[in-house]
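Shown next, in structure tokens, is the structure this report addresses.
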Amino acid sequence: MKLNRRSLLLGMGGAVAAPHVITSARAEPVVTLKLHHFLPPVSNGHAKMLAPWVKKVEDDSQGKIKINIFPSMQLGGTPPQLYDQARDGVVDIVWTLPGSTPGRFPTTEVFELPFICAQSGLANAQAAQEFADNHLKDEVKDVKILSYWAHDGGLIHANKPIQTMEDLKGLRLRNPTRLAGEALKALGATSVGMPVPQVPQSLAQKVIDGAVIPWEVVPAVKVHELVKYHTEIPGSPALYSASFFLAMNKAKYESMPADLRAIIDKNSGQAFARLAGNMWDDEAKRIRALVQQRGNIIGQISAEEKAKWIKATEGVYTDWIAQMKEKGIDGATFVAEARKLVAKYDKA
């Protein structure tokens with residue numbers, strides 16, 4: 001078949017037009033985000049909280065959002081610098097603890113006071129998120145807070161059994177937050193503050209005698225391999241909880257198209273808090289059984305002893321309320337509200 005000049009030009013036009021159609025179809029922008037955190041990729045927080053959340057966001061966006069997770073501080077810095085990395089746009093999203101920078105986010109500390117939170121991670125996470133919706137906006141206005149939550153009740157992991165306050169005297173215990181540290185001091189222990197990634201080496205080198213962490217963190221930092229005794233504080237309220245931020249760079253969030261911001265919003269707040277709370281509760285049961293099967297000793301203090309611990313830590317409350325008053329914060333009201341919210345979700 002012969003091609004005349006008109007047919008040839010039409011064919012060439014089609015050939016030129018076809019790539020243009022393909023290019024236009026591919027031109028829809030993908031928003032790629034970097035999520036940075038402090039625990040290893042084998043940790044439950046990474047594998048069973050952040051990774052499922054990322055997948056959900058990506059799926060909901062039909063591939064228009066791509067989130068790359070960088071665990072173990074792979075993008076540099078130290079855990080206390082994570083919040084500022086999100087604020088300054090060094091990364092787009094971080095998972096961090098407000099307690100890593102003591103005193104910077106004073107209102108969040110109400111959930112870190114001793115014997116405030118429930119044993120249930122789900123109850124604590126939802127209570128903290130509702131509290132944040134009402135009270136944290138000013139303290140975190142330099143970032144976009146995607147979620148604020150607290151984990152399940154923490155316990156004591158040590159190189160000796162603990163049944164009474166007498167057993168705590170002089171014991172060097174890693175604390176996760178400033179107020180957990182004050183509680184440990186009130187109970188007679190020597191409190192040592194450090195980020196959780198430093199715990200394994202500190203235990204191995206006998207820098208500390210134990211650590212105060214929830215069950216969920218135990219395998220990630222091999223605490224069950226480095227100590228033999230685990231002491232639970234029965235029932236609610238729990239000895240302590242630590243709280244967390246999932247925080248995003250504000251400018252990055254605001255630069256996203258409205259439909260993609262809506263997807264981030266849909267998977268933030270209480271939706272993320274429920275994901276996190278359920279993960280902590282599920283993993284607590286699994287890891288407790290794993291530790292028990294390993295042959296480690298899991299004990300509990302008595303209800304009578306717990307009442308003594310609550311009494312011994314009352315000064316932590318009065319001191320904190322006085323400190324908050326100096327900052328113009330009504331700490332007593334916040335304590336009452338936190339307890340009310342924890343009770344609300346603990347009964348749900």
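This table checks each residue for (1) surrounded by fewer than 20 Cβ atoms within 10 Å (Cβ to Cβ); (2) under 17 Å from S236 (Cβ atoms).
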{"residue": "M279", "(1), (2)": "no, no"}
{"residue": "A284", "(1), (2)": "no, yes"}
{"residue": "Q292", "(1), (2)": "yes, no"}
{"residue": "G295", "(1), (2)": "yes, no"}
{"residue": "G299", "(1), (2)": "yes, no"}
{"residue": "S302", "(1), (2)": "yes, yes"}
{"residue": "E305", "(1), (2)": "yes, yes"}
{"residue": "I310", "(1), (2)": "yes, yes"}
{"residue": "T313", "(1), (2)": "no, yes"}
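Within the range 181-207, the residues that satisfy the criterion of being within 17 Å of P79 (Cβ to Cβ) and of a type in the set (A, V, I, L, M, F, W, C) are V192, M194, V196, V199. Could you please let me know if T32 is at pLDDT 95 or above, of a type in the set (S, T, Y) and not in a loop (DSSP other than H, G, I, E, B)? The answer is yes for T32.
Can you tell me which residue among G99, G89, G121, G153 is on the phi > 0 side of the Ramachandran plot and either at pLDDT 95 or above or not aliphatic (A, V, I, L, M) (or both)?
Matching residue, one of G99, G89, G121, G153: G89.
Checking each residue in the range 320-347 for being in a loop (DSSP other than H, G, I, E, B) and either under 22 Å from the mean Cα position of the chain (by Cα) or closer than 22 Å to G103 by Cβ (or both) picks out K327, G328, I329, D330.
Listed here are the residues, each with its yes/no results for (1) free of Cβ contacts under 8 Å to residues at least 24 places away in the same chain; (2) farther than 29 Å from R261 by Cα; (3) in the same structural domain as K206 (by TED's automatic domain parsing).
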| site | (1), (2), (3) |
| --- | --- |
| S100 | no, no, no |
| T107 | no, no, no |
| I162 | no, yes, yes |
| E166 | yes, yes, yes |
| G170 | yes, yes, yes |
| L173 | no, yes, yes |
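Among the conditions (1) acidic (D, E); (2) in contact with a Lys or Arg (Cβ under 9 Å, 6 or more places away or on another chain); (3) under 28 Å from L35 (Cβ atoms), the only one that D133 does not satisfy is (2). Can you find a residue that is buried (at least 24 other Cβ atoms within 10 Å of the Cβ), part of a loop (DSSP other than H, G, I, E, B) and either at pLDDT 95 or above or in contact with a helix residue (DSSP H, G or I) (Cβ under 8 Å, 6 or more places away or on another chain) (or both) anywhere in the range 170-186? Yes - at least one qualifying residue is present in the range 170-186. Restricting to helices (runs of 4 or more DSSP H) lying wholly in the range 203-315: which have 1 or more residues that are more than 30 Å from K64 (Cβ to Cβ), at pLDDT below 95 and not acidic (D, E)? Per the criteria, no element qualifies.
The values are calculated or read from the model by the stated rules, or taken from the named source; none is laboratory data. Note that the structure is a prediction, hence the values are computed from the model and not measured. As a convention, Cβ positions derive from the backbone with ideal geometry for all residues, glycine included, and neighbour counts pool all protein chains shown.
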